[in-house]
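A.B. asks: Below you will find the structure I want to go over with you.
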Amino acid sequence: MRTDRDVSDAPADLVFRGGTVLTLDAAGTRGTAVAVRHGRIVLVGGDDEVLALIGRRTRVVELEGRAVIPGINDSHLHATWLGAMWPNTVFGAADAQAGAPAFEGDPHDAAPAAPLVGSAAEIRAAILRAGELAASLGITSYTEPGLGPGEDAGATGCFSQAVLDEYIVLEAERALTARVNVLMLFGVLDGPSELHSFSSRLRATVRETERPAWLRIAGVKIFADGIPPMLQAWTRRSYPDGSSGGLLVTGLDAAEREANLRQMIRTAHRAGFQVGVHATGDRTIEVTADAVAEAMAEEPTELRHYVIHGDLVTGETLAVMARLGMGLNVQAGIAVQTSAWVAGVLGEEVAAAAWPLADTLAAGVSLSLSSDAPILSPDWREGAAAADAWMGPAAPGAEEERMLALLHAYTVAPARQDGADAWKGTLEPKKVADLIVLSADPLTLTPADLPGVSIDMTVVDGDVVFERAVALIG
Ligand SMILES: [Zn+2]
């Protein structure tokens with residue numbers, strides 16, 4: 001039994017019993033019941049052990065064999081853009097129309113002629129709509145990867161400083177139903193960024209928020225390069241036209257662009273900003289890791305800088321990232337959707353070795369899986385199934401290990417990315433009660449079955465933010 005003994009005699013607000021509780025803690029603790037009080041986990045254990053915590057006002061949820069796991073943390077989710085687009089997604093719309101991905105550019109460039117949101121009311125509606133969707137999918141935390149002045153004139157309106165301002169308003173009203181981390185954006189989404197405006201905008205950024213557990217300005221997003229199918233990922237290989245891509249960071253030549261990217265990372269690191277670098281080419285990821293190594297040598301921190309996408313990451317760079325404590329944030333659905341395009345420009349062999357999820361885990365790099373919604377659907381169950389399919393069959397007897405690794409990539413690893421692993425990401429006494437009820441125990445299933453599992457309840461900070469109607473009857 002794991003319990004918070006200091007306060008173990010007062011009744012719980014919420015008790016779940018009669019099922020499987022996967023804490024996802026380091027010891028792999030499992031229970032059949034979990035108790036919540038004042039927004040925190042008080043006990044994970046057996047059904048008999050929670051009895052003493054059930055009082056007159058305790059809500060008791062009979063799991064009847066269902067499972068409780070930590071809430072999902074979608075660590076790369078453009079929620080405002082998603083809320084403005086849903087039920088459409090960039091790949092989803094293409095799928096529906098043609099039966100195959102029709103879009104051939106950088107997915108982020110699929111911008112409409114007119115902005116999707118303009119007024120504060122429209123931004124607010126988009127955020128709230130995404131929040132409802134997130135709650136229904138069991139998402140209790142997410143990262144908005146790129147909001148700020150770099151996109152104030154952006155085509156969609158979904159990444160501007162005004163969006164961040166609206167998040168601050170919603171948080172003050174206690175209207176958010178998921179915890180939100182924000183990476184600031186000082187350049188253009190999927191476009192250029194310039195060192196001097198980056199540095200001055202970074203200095204001008206106010207990072208303090210009222211309740212960082214709910215809304216936190218984590219750091220900064222840097223778009224370092226484009227994507228392989230557009231011949232933009234900076235690689236040691238050659239594209240069919242003989243080019244090798246390059247950096248989006250501006251500079252007079254390749255050497256200056258690289259120096260400017262390194263300086264951006266150093267500047268952000270010194271200012272205490274976490275850096276999330278959109279990097280797809282092997283050269284870009286290598287330079288990013290090397291710049292982080294230099295910054296860490298100068299001043300070791302726990303900022304947990306990370307690489308976003310990481311398509312062509314090499315084994316050598318993964319080893320460097322592991323040593324530095326850097327994370328990798330990947331969307332397996334993008335691998336599934338675009339690997340044929342990568343094969344078309346860099347060959348089958350490179351495409352087959354791209355997005356090396358199993359190698360990432362084996363190297364000891366903290367792997368976070370995310371949706372990049374609305375590029376892909378925000379449904380983590382599909383994302384986990386895609387990641388499993390991408391990795392190929394698990395070794396015999398290792399199916400449970402594989403499922404646990406996938407669940408970790410949506411809970412424990414992103415909590416680490418958020419610098420919040422001390423208080424969220426697992427179900428342990430004293431940690432926040434961010435949890436979900438699934439209709440089946442995932443450890444009895446294969447990842448391919450996950451999309452068929454329903455999310456019956458979503459709890460954030462001890463409050464029920466979503467409950468599936470059928471679950472009320474059952
Ligand atoms: Zn993205």
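The values are calculated or read from the model by the stated rules, or taken from the named source; none is laboratory data. Quick caveat: nothing in here was measured; it's all calculated off a predicted structure. Here the Cβ is made from the backbone with ideal geometry for all residues, glycine too, and neighbour counts use every protein chain on show. Areas reflect the complete protein model, heavy atoms only, side chains present, ligands, DNA and RNA absent. Shrake-Rupley method; radii C 1.70, N 1.55, O 1.52, S 1.80 Å.
A.B. asks: Counting Lys and Arg as +1 and Asp and Glu as -1, each charge on the Cβ, what is the dipole of the chain about the Cα centre in debye, to the nearest 20? Walk me through the numbers on the way to the answer.
C.D. replies: On the way: 36 positive and 62 negative charges, 212 e Å.
The dipole of the chain has a size of about 1020 debye.
A.B. asks: Can you give the accessible area per residue of the chain, in Å², using a 1.4 Å probe?
C.D. replies: 38
A.B. asks: Extending each Cα 7 Å along its Cβ direction at Glu401 and Thr446, get the distance between those two points in nm, one decimal.
C.D. replies: 1.8
A.B. asks: With +1 on the Cβ of every Lys and Arg and -1 on the Cβ of every Asp and Glu, and nothing else charged, how large is the dipole of the stretch 258-317 about its Cα centre, in debye rounded to the nearest 20?
C.D. replies: Details: 5 positive and 10 negative charges, 49 e Å.
Dipole magnitude for the stretch 258-317 comes out near 240 debye.
A.B. asks: Let me ask something additional. I'd like to compare 172-182, 440-450: which one has the highest average count of other Cβ atoms within 10 Å, and what's the full order after that?
C.D. replies: Packing proxy ranking, top to bottom: 172-182, 440-450.
A.B. asks: Keeping all protein chains in place and using 1.4 angstrom, which order do Leu231, Leu170 fall into by accessible surface area, from largest down?
C.D. replies: Per-residue accessible area, sorted high to low, gives Leu231, Leu170.
A.B. asks: To continue, here is another question. Extension gain Leu252-Lys430, at 0.36 nm per residue separation less the Cα-Cα distance, in nm?
C.D. replies: Separation in residues times 0.36 nm, less the Cα-Cα distance, equals 58.8 nm.
A.B. asks: Which residue, chosen from Thr235, Val292, Pro212, occupies the Cα position most advanced towards the positive end of the dipole of the stretch 72-392, where the dipole is computed from +1 (Lys, Arg) and -1 (Asp, Glu) charges on Cβ about the Cα centre?
C.D. replies: Projecting each Cα onto the dipole axis, the largest value belongs to Pro212.
A.B. asks: Still on this structure, I have one more. Using DSSP, restrict attention to beta bridges with both residues in the chain and report what percent are antiparallel, rounded to the nearest 5.
C.D. replies: On the way: 26 of 64 bridges.
Just about 40 percent of them are antiparallel.
A.B. asks: Related question: What dipole magnitude, in Debye to the nearest 20, does the stretch 149-264 give about its Cα centre under +1 on Lys/Arg Cβ and -1 on Asp/Glu Cβ?
C.D. replies: Using Cβ point charges on Lys, Arg, Asp and Glu, the stretch 149-264 gives about 440 debye.
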